Amino acid sequence: MRYAFLQHMADHKAHAAERGIELCTYVAGSEGDETRTEAENLGHKYIEIENRPLGRKFNAAVSMAFHDLVDYVMIMGSDTFFMPTLWDQYADLIRIGEKYVGIRDLYMWDWNNNDARYWEGYSGERFGEPIGCGRLIHRTLIHGSLYDDNRNVSLDASASRRLPQPTLISCYQDLLVSCKEELSITPITNFPGAVQVDHTMFLPLIP
C-alpha cells in the first residue's frame, strides 16, 4: 500500500498542475532507506522520523513544508486515494481566498475482505468537523505545531482545537477512499451508519 500511495501522489502532481496548483509532497517515514529511496525516486521530499508518537511525525512533515514557504498544507494519510476531480474543488476555493477547507465524508475499503463503505461524516457533538485527511490549511492559520506532539490517537481532534471552522466540501463524487489493513488506527467497523458499497469502484484509483 505504501508504494501504491507514493505513486498515486506522484501522479497527482500533474493533476494538480492542470488546475493551477503547484503540488509538492512531503513524506515522514520510519522505515529507513527503503522508504526514503521509494519516496525520493518518485519526486517526494522525505524525512526519517520514528513512527510514534504520531503527532510529532505529522508535525515534522508540516515543518518541512513551512521551510519551503508553501502557501497551504494538505494533510494526507498513506492509506488514502482519490480522483483528480478533487483538485477542481480545491482550486475553486483557493481562487476565492478560502483559508481552510475540510472534507466532511469518506469512503472506506478494507483490503482484507473487500468490505467497502460510505460514511457521511460526524454527527452529534462533532457535527461539522472535517475528517482528518484532505484538510487544506493556509499557513497563516498554523501557529506553532498543528498536532499535539505526544499524541498517538485523536490527532484530528487535536488539530481541530487549533483551527477555526472550515469550509466543508463533499468527496462523494471524487471517491476519496481510506484503505484499511491490520495496522489501521481506526477499523472500518468503528464508523456507525456507514453504508456498504461496491469496492470495485475504487480499483482504477490504485496504481
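The values are calculated or read from the model by the stated rules, or taken from the named source; none is laboratory data. All of these numbers come straight from a predicted model, not from anything done at the bench. Every residue, glycine as well, gets a Cβ built from its backbone with ideal geometry; the counts of neighbours run over all protein chains shown. Side chains included, ligands, DNA and RNA excluded: accessible areas come from the protein's heavy atoms. Shrake-Rupley method; radii C 1.70, N 1.55, O 1.52, S 1.80 Å.
Among what's in segment 76-112 and is open to solvent by 60 Å² or more (accessible area, probe 1.4 Å) and touching an Asp or Glu at 6+ places or on another chain (Cβ under 6 Å), pick the residue that is modelled with the highest pLDDT. Taking the candidates together, the pick is Met83.
Based on what the data block shows, is Tyr147 part of a loop (DSSP other than H, G, I, E, B), among the hydroxyl-bearing types (Ser, Thr, Tyr) and farther than 27 Å from Lys13 by Cα? Considered against the rule, which asks whether it is part of a loop (DSSP other than H, G, I, E, B), among the hydroxyl-bearing types (Ser, Thr, Tyr) and farther than 27 Å from Lys13 by Cα, Tyr147 comes out as no.
Looking only at segment 27-50, filter to residues that are part of a loop (DSSP other than H, G, I, E, B) and open to solvent by 70 Å² or more (accessible area, probe 1.4 Å); which one of those is modelled with the highest pLDDT? Applying the filter and picking the extreme gives Glu50. In the set Trp119, Trp109, Trp87, only one residue is under 18 Å from Cys179 (Cα atoms) and in contact with a helix residue (DSSP H, G or I) (Cβ under 6 Å, 6 or more places away or on another chain); that residue is Trp109.
Selection within segment 113-127: residues that are over 15 Å from Phe202 (Cα atoms) and of a type in the set (Ser, Thr, Tyr). The member of this set that is surrounded by the fewest Cβ atoms within 10 Å (Cβ to Cβ) is Ser123.
Scanning segment 10-26 for residues that are crowded, with 17+ Cβ neighbours inside 10 Å and touching a residue at least 40 places away in the same chain (Cβ under 8 Å) yields His12, His15, Ala16, Arg19, Ile21.
Can you pull out the residues in segment 50-93 that are closer than 20 Å to Ile21 by Cβ, more than 14 Å from the chain's Cα centre (by Cα) and of a type in the set (A, V, I, L, M)? Met64, Ala65, Leu69, Val70, Ala91, Leu93, listed by residue number.
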